[in-house]
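Report on one structure; see the data block that follows.
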Amino acid sequence: MSIRDHFRDKRRVVIKIGSSSLVHRETGKLNLPKIEILTREVSDIRNQGRDVVVVSSGAISVGRAALGIGTLHSLKEKQACAAVGQVRLMMIYQKFFAEYGQTTAQILLTKQTMLDEESRTNARNTFEQLFSLGVIPIVNENDTVETYDIRFGDNDRLSAIVTALINADLLILLSDIDGLYSDDPKVNPDAGFISEVEFLDERMKSMAKATAGSAYGTGGMATKLAAAEIASAAGADMVIANAEDFRMIHRVLEGEDLGTVFHAHPHEYQLMDFLERI
Ligand code: GLU
């Protein structure tokens, strides 16, 4: 029996969407039909009776496009863009999710909140309460108040921390890459696709360092593998898949051989250990 055959039984799923999968490459503005398909897919996961969380990037790119800012020069400019973009993003999510009869919530996390035990416990309790009310939480980093020194910086690792915090059993990272290759496919045409990673070893991690992030998001393959390490230790399988067509979400959950799957290897760990490494 393949690991993917168990995906049908996953009870709590975290889906991370990269900025590049939400906006048009040419303008940086929201790709509405794509977001509509995403919300339909996620709504259906909820309708199947599973708990689902969306970790969505895009605040900064959406704010930048709304304000007509080309290149961001300073932290405060970035943070202002995030403040403008986050509400725009939520407005669209809320509209589309409402059309499918779903209630959404916004949870903006900071690394500082996760480091503090009481805040962490409160955040966990809030998630649990929202699940019991049937709500779909939409998470992002609170980019507007973060500092350079203490921040997640990328939503790949943030989504893995959320997975660990709420004991989810599957994390799906969706971006503009198909999954893990043996080398950078943009540079090496002979790079082979890896559809399953049972154990993440040092060789794979060093391979990943060679691949760069996309034009919009902040994470490349290295942050995705760091996410896999956290999710695996926390007892969740993880899939990296291409978000070209969000209809693949239900196909992943049905166990189709899409993207790269990383096996869970739950072990004793402290969330603090991971947080300190970010
Ligand atoms: N939090 C950032 C945003 O919403 C994105 C971080 C990332 O790209 O991973 O713009």
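The values are calculated or read from the model by the stated rules, or taken from the named source; none is laboratory data. Worth saying up front: this structure is predicted, and the values here are computed from it rather than measured. Ideal geometry is used to build each Cβ from the backbone, glycine not excepted, and the neighbour counts take in all protein chains shown.
Taking the listed residues Gln94, Gln102, Gln48, Gln86, the one that is more than 19 Å from the chain's Cα centre (by Cα) and buried (at least 17 other Cβ atoms within 10 Å of the Cβ) is Gln102, with no other qualifying. Kindly check whether there is at least one residue in region 55-72 that is in contact (Cβ under 8 Å) with a residue 40 or more places away in the chain and part of a strand (DSSP E or B). Checked against the condition, which is being in contact (Cβ under 8 Å) with a residue 40 or more places away in the chain and part of a strand (DSSP E or B), region 55-72 yields at least one hit.
Residues in region 13-37 that are touching a Ser or Thr at 6+ places or on another chain (Cβ under 8 Å) and part of a helix (DSSP H, G or I): Ser19, Ser20, Ser21, Lys34.
Scanning region 88-105 for residues that are closer than 13 Å to Ser56 by Cβ and either touching a residue at least 40 places away in the same chain (Cβ under 8 Å) or part of a helix (DSSP H, G or I) (or both) yields a total of 9. Within region 180-194, being surrounded by fewer than 14 Cβ atoms within 10 Å (Cβ to Cβ) and in contact with a Gly (Cβ under 9 Å, 6 or more places away or on another chain) holds for one residue alone: Phe193. Residue check: Gln106 meets all listed conditions (1) away from the ligand (no atom under 13 Å from the Cβ); (2) modelled with pLDDT of 95 or more but one, namely (1).
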